[in-house]
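Each remark here refers to the structure printed beneath this line.
None of the figures in this text is laboratory data; all of them are computed from the coordinates on show. None of these values were measured; they are calculated from a predicted model. Please note: Cβ atoms are built from the backbone with ideal geometry, for glycine as well, and neighbour counts cover all protein chains shown.
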Amino acid sequence: MPTKSAKSKGSGKAKKSKKSKKSKKSKTPKQEVDILSPAAMLNAYYISHNAVDCLEFRGFSWPGAPKKKGKKGKKK
């Protein structure tokens, strides 16, 4: 009499579960920020090294600007 094998009788492919689609909630509109407010200017003073840096941090870079490379973390 043949012995039962450990293999299951299903097809070799695993079934993929379908994810249910949830309705997207409406996001609250972002408030417009004044980049020339005193708090923003104080922040720009401390993080920027010059006027070009200040404009780049605020999103006003010129078209031919070289891309900045990200900082690399230390590998252990």
* On full extension of the chain, what length is gained from Lys75 through Met41, given 0.36 nm per residue of separation minus the C-alpha to C-alpha distance? -> 8.7 nm
* Using Cα positions and a limit of under 14 Å, work out the aspartates and glutamates in reach of Lys68, with same-chain residues fewer than 8 apart set aside. => Asp53, Glu56
* For Lys30 and Trp62, what is the calculated FRET efficiency with R₀ set at 25 Å and r taken between the beta-carbons, to the nearest 0.05? -> 0.50
